[in-house]
């Protein structure tokens with residue numbers, strides 16, 4: 001790591017290390033409980049808070065909001081994983097969720113789907129722990145990490161345990177996090193920060209905490225994904241949202257170089273302003289994007305309910321359509337099991353949805369044959 005890039009205003013200290021070779025590592029200072037926010041950031045903060053409140057309000061006043069929250073969370077799993085080089089299509093993820101199977105080899109494509117699926121499970125676990133009364137703490141973090149790396153690439157890299165070896169970020173060691181002997185002390189301060197009172201706006205504090213977690217880099221693998229999970233949960237918890245609606249991975253992926261550079265500049269230059277400016281713009285962009293998707297999904301749901309009613313469809317068929325917003329891929333055995341009906345009845349229901357152009361048949365080389373809702377997939381997962 002180039003020690004010359006760290007100025008006197010750096011928010012931490014450099015220490016010499018010898019493993020795996022002589023170099024410097026960076027130990028961040030404790031996070032501030034007071035921060036004089038530059039005046040030019042106030043309008044941006046107000047707009048970000050307004051956008052986030054509007055997003056929470058849209059979700060709160062919508063019946064069966066879990067139907068709409070699920071695709072937003074699955075999209076987050078896809079985007080966060082792609083930031084780490086794991087690429088899975090929405091269809092591949094949804095097919096795996098419908099019928100999880102163990103990979104047959106290290107090169108089996110199902111490995112990637114399982115990694116993304118684990119991200120969703122880790123998110124679900126974190127939400128469940130918070131709703132159960134557990135605060136944001138190290139136990140929550142290790143539980144999510146354990147879920148993330150269960151039976152996938154990285155399963156041999158101490159799931160649920162903090163690292164005891166030195167790591168570096170980037171093949172060229174552009175940044176080297178604290179030595180192993182300093183990790184627990186840094187994490188202790190990080191955990192305490194979440195329970196101390198502060199004059200800093202909680203949205204800004206959440207992004208400061210995200211910086212700190214990524215800088216400590218406490219695990220051998222999965223730090224980026226756990227950090228982004230924790231960011232969403234911290235915002236949900238500290239801002240007292242009704243559900244964890246805000247996910248930043250898509251914005252971080254679109255602006256990956258800025259994300260990396262601004263994180264580094266907090267450490268090396270003490271530049272909180274540029275980092276917070278970047279993050280608040282991301283909150284606005286992601287809030288508005290999610291609001292747009294929610295409105296479009298609600299419009300689709302109303303459109304499909306009318307289509308089913310006009311075709312003389314049953315209440316069961318309406319339920320089947322409603323479930324497509326959580327998982328817009330289905331097959332006959334799944335419908336048969338879900339409703340306790342015969343195979344011919346389930347096939348007839350699906351055929352009816354194909355006929356009124358809600359479902360479309362998937363490729364013939366996958367068995368059992370599956371059907372997907374292309375309009376829901378487009379609204380929920382497309383980036384155009």
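The values are calculated or read from the model by the stated rules, or taken from the named source; none is laboratory data. From a predicted model like this one, the values you see are computed outputs, not experimental measurements. FYI the Cβ positions are ideal-geometry reconstructions off the backbone, even for glycines, and counts take in every protein chain you see.
This table checks each residue for (1) over 24 Å from residue 121 (Cα atoms); (2) more than 24 Å from the chain's Cα centre (by Cα); (3) touching a residue at least 60 places away in the same chain (Cβ under 8 Å); (4) assigned by TED's automatic domain parsing to the domain that holds residue 69.
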residue: 196; (1), (2), (3), (4): yes, yes, yes, yes
residue: 215; (1), (2), (3), (4): yes, no, yes, yes
residue: 222; (1), (2), (3), (4): no, no, yes, yes
residue: 229; (1), (2), (3), (4): no, no, yes, yes
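Return the residues of segment 76-88 that are in a loop (DSSP other than H, G, I, E, B) and either in contact (Cβ under 8 Å) with a residue 40 or more places away in the chain or surrounded by 14 or more Cβ atoms within 10 Å (Cβ to Cβ) (or both); say none if nothing qualifies.
84, 86, 88 - these are the residues of segment 76-88 that are in a loop (DSSP other than H, G, I, E, B) and either in contact (Cβ under 8 Å) with a residue 40 or more places away in the chain or surrounded by 14 or more Cβ atoms within 10 Å (Cβ to Cβ) (or both).
If I ask for residues that are in a helix (DSSP H, G or I) and either touching a strand residue (DSSP E or B) at 6+ places or on another chain (Cβ under 8 Å) or modelled with pLDDT under 95 (or both), which ones from segment 212-222 would you list?
If we filter segment 212-222 for residues that are in a helix (DSSP H, G or I), which is where we start, we get 212-216.
Across segment 212-222, the qualifying residues are 212, 215, 216.
Within segment 152-170, does at least one residue satisfy the condition of being in contact with a strand residue (DSSP E or B) (Cβ under 8 Å, 6 or more places away or on another chain), in the same structural domain as residue 101 (by TED's automatic domain parsing) and under 27 Å from residue 117 (Cβ atoms)?
Yes, there is a match, as at least one residue in segment 152-170 is in contact with a strand residue (DSSP E or B) (Cβ under 8 Å, 6 or more places away or on another chain), in the same structural domain as residue 101 (by TED's automatic domain parsing) and under 27 Å from residue 117 (Cβ atoms).
Does segment 108-128 contain any residue that is in a loop (DSSP other than H, G, I, E, B) and within 21 Å of residue 250 (Cβ to Cβ)?
No: zero hits.
Need the failing condition index for residue 144 against (1) without any contact (Cβ under 8 Å) to a residue 12 or more places away in the chain; (2) within 22 Å of residue 120 (Cβ to Cβ), just the number.
Here residue 144 meets the rest and fails (1).
Condition check ((1) in the same structural domain as residue 129 (by TED's automatic domain parsing); (2) buried (at least 18 other Cβ atoms within 10 Å of the Cβ)) across all residues:
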position	(1), (2)
255	yes, no
260	yes, no
319	no, no
328	no, yes
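Looking only at segment 262-281, filter to residues that are under 20 Å from the mean Cα position of the chain (by Cα) and buried (at least 22 other Cβ atoms within 10 Å of the Cβ); which one of those is farthest from residue 235 (Cα to Cα)?
If we take residues in segment 262-281 being under 20 Å from the mean Cα position of the chain (by Cα) and buried (at least 22 other Cβ atoms within 10 Å of the Cβ), then 275 is farthest from residue 235 (Cα to Cα).
Quick one: residue 57 ticks every box in (1) surrounded by fewer than 17 Cβ atoms within 10 Å (Cβ to Cβ); (2) on the phi < 0 side of the Ramachandran plot; (3) modelled with pLDDT under 95; (4) not in a helix (DSSP H, G or I) except a single one, so which number is it?
All conditions are met except number (4).
Output yes when any residue across segment 181-189 is surrounded by 18 or more Cβ atoms within 10 Å (Cβ to Cβ), touching a residue at least 24 places away in the same chain (Cβ under 8 Å) and touching a strand residue (DSSP E or B) at 6+ places or on another chain (Cβ under 8 Å), and no when none is.
Yes, segment 181-189 has at least one match.
Which of the residues spanning segment 171-211 are closer than 21 Å to residue 24 by Cβ, in a helix (DSSP H, G or I) and in contact with a helix residue (DSSP H, G or I) (Cβ under 7 Å, 6 or more places away or on another chain)?
183, 186, 187, 211
Check every one of the helices (runs of 4 or more DSSP H) wholly within segment 243-349 and list those with 2 or more residues that are more than 23 Å from residue 231 (Cα to Cα), in contact with a helix residue (DSSP H, G or I) (Cβ under 6 Å, 6 or more places away or on another chain) and at pLDDT 90 or above. Break it down stepwise before answering.
Values: elements: 249-254, 256-269, 272-310, 315-323, 332-339.
In segment 243-349, 272-310, 315-323, 332-339 are the helices (runs of 4 or more DSSP H) which contain 2 or more residues that are more than 23 Å from residue 231 (Cα to Cα), in contact with a helix residue (DSSP H, G or I) (Cβ under 6 Å, 6 or more places away or on another chain) and at pLDDT 90 or above.
Anything in segment 151-170 that is out of contact with any helix residue (DSSP H, G or I) (no Cβ under 9 Å at 6 or more places or on another chain), without any contact (Cβ under 8 Å) to a residue 40 or more places away in the chain and farther than 15 Å from residue 122 by Cα? List them, or say none.
Of everything in segment 151-170, just one residue is out of contact with any helix residue (DSSP H, G or I) (no Cβ under 9 Å at 6 or more places or on another chain), without any contact (Cβ under 8 Å) to a residue 40 or more places away in the chain and farther than 15 Å from residue 122 by Cα, namely 156.
Can residue 240 be described as in contact (Cβ under 8 Å) with a residue 60 or more places away in the chain and either surrounded by fewer than 24 Cβ atoms within 10 Å (Cβ to Cβ) or in a helix (DSSP H, G or I) (or both)? Before the answer, list the steps.
Working: in contact (Cβ under 8 Å) with a residue 60 or more places away in the chain: no; either surrounded by fewer than 24 Cβ atoms within 10 Å (Cβ to Cβ) or in a helix (DSSP H, G or I) (or both): yes.
Against the criterion (in contact (Cβ under 8 Å) with a residue 60 or more places away in the chain and either surrounded by fewer than 24 Cβ atoms within 10 Å (Cβ to Cβ) or in a helix (DSSP H, G or I) (or both)), residue 240 does not qualify.
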